[in-house]
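Each remark here refers to the structure printed beneath this line.
None of the figures in this text is laboratory data; all of them are computed from the coordinates on show. Worth saying up front: this structure is predicted, and the values here are computed from it rather than measured. Every residue, glycine as well, gets a Cβ built from its backbone with ideal geometry; the counts of neighbours run over all protein chains shown.
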Amino acid sequence: MAELKNKIDFVALVSVTRANGNGDPLDGNRPRTDYNGFGEISDVCIKRKIRNRMQDLKNEIFVQSDDRCTDGYKSLSERAAAATRGIKEQDEYVHVVCEKWMDVRSFGQVFAFKGDKSGVSVGVRGPVSIHQAVSVSPVEVDSMQITKSVNSEPGDKKGSDTMGTKHFVRFGLYKLKGSINVQLAEKTGFSREDADVIKECLRTLFLNDASSARPEGSMEVVKLYWWDHGCKDGKYSSAKVHRLVHVEPKDPAVTPSCVEDYNIALEELPGLTAEVIDGV
C-alpha cells in the first residue's frame, strides 16, 4: 500500500429524478429539504452508500447494514469484540480496527459499547470528510397515494391492502462535497489505494442501490471532480476548491426539470487541476 501524501478535494454532481434520495423519518419519510426548499441528502446517507460500494468492491467494512451482513455478527459490539479480543492498549486497538475495516480508516468510528468488558473506549478520527449534499435550486416534492397488497392469513382467499403515501422529488441537481486529510490518513493507515477506492465509490455511488423509493436510473452521478493538491496541506482551502464548480439554471424563470437545464462550469486555480470524471 502506498502512503497518501497529497490532500484531496472532491465534488460530485448528483441528479435525482422522481425519487426520494433521502427520506426524513421525522417528517413522514418526505425527501429532506431545508426551510428554503432546497433538497438535502445527509452525510450519513451518503456514507452508507459509500460503505455499500466498498463492500461491492470486495473491501471489509465495520458498519454493515443488516441486509448486507457478510460475517454473521448481529451487532457492532460483537463484530468489534471478535476482532479485538484481548487487546487493552488503545494504540494497538486503533491499529487493528483501522487495518481490518476500510470504513473505519476512512470515516473514523467510536468504539464504546454498553456491557463491553474489554474496558477500552476508543475514538478514531477518519481522514475522509463528507458534507451533506444540497440541491442547486429549490426542489418540488410530490406525493402519491398508494396501496400495497400483503399476504393474508392461511386459508383466506382475499388478501388485504394497506394504504400509504409515497413522496418523491420531481427533479433535483445536488452538489456533494468532500475532502481527504493527509494528517489523519497517516494516523489510520488510509492509503493512496484507499483514495482510489473512494473515487470509484463516488463515481458509481448508486450501483446496486435501487429500491421502491429510488427506482433504477432515478439517481445518477453526473460528474465527479477530483483535485489532488500535490502537497500534504493543500495549495488552497477546501472551501475555495469546492466553489470552483459553478452550476446555474439556464433560465432563472423556469424550474429546472433535467440536467440540461443547467449551465455547469469549472473554474481553475493556479497550480491546481481537476480530474473530471463521468459518473454512473
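Numbers at a glance
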item: Gain upon complete extension [residue 1, residue 63; 0.36 nm per residue less C-alpha separation]; result: 20.0 nm
item: For the stretch 176-184, 3J(HN,Hα) per residue [Karplus equation, 6.51 cos²θ - 1.76 cosθ + 1.60, θ = phi - 60°, Hz, x = Gly/Pro]; result: 10, 10, x, 8, 10, 9, 5, 4, 6
item: Set 5/74; 7/166; 100/166; 7/47 screened for pairs whose C-alpha atoms are more than 31 Å apart; result: 5/74; 7/166; 100/166
item: Distance cut-off 28 Å, percentage of C-alpha pairs in the chain lying past it; result: 46 percent
item: Out-of-range pairs (alpha-carbon distance over 18 Å; input 58/199; 49/240; 49/177; 187/235; 49/235; 199/240); result: 49/240; 187/235; 49/235; 199/240
item: Cleavage-rule hits (GluC sites (Glu not before Pro)) in the stretch 206-280: DSSP loop, at most 13 neighbouring Cβ within 10 angstrom; result: 216, 267, 268
item: Projected label distance in nm at residue 95 and residue 146, using a 7 Å step from Cα toward the beta-carbon; result: 5.0 nm
item: Size of charge dipole - the stretch 8-278 - debye, nearest 20, with Cβ of Lys, Arg +1 and Asp, Glu -1, no other charges; result: 520 debye
item: Extension gain (nm, one decimal) between residue 266 and residue 210, 0.36 nm per residue minus Cα-Cα; result: 17.1 nm
item: Residue 175 versus residue 125: modelled label distance in nm, points set 7 Å from Cα along the beta carbon direction; result: 2.7 nm
item: FRET efficiency estimate (nearest 0.05) - Cβ-Cβ, residue 251 to residue 44, R0 25 angstrom; result: 0.15
item: Per DSSP, loop trypsin sites (Lys or Arg not before Pro) in the stretch 63-136 with at most 11 further Cβ within 10 Å; result: 74, 85, 88, 114, 117
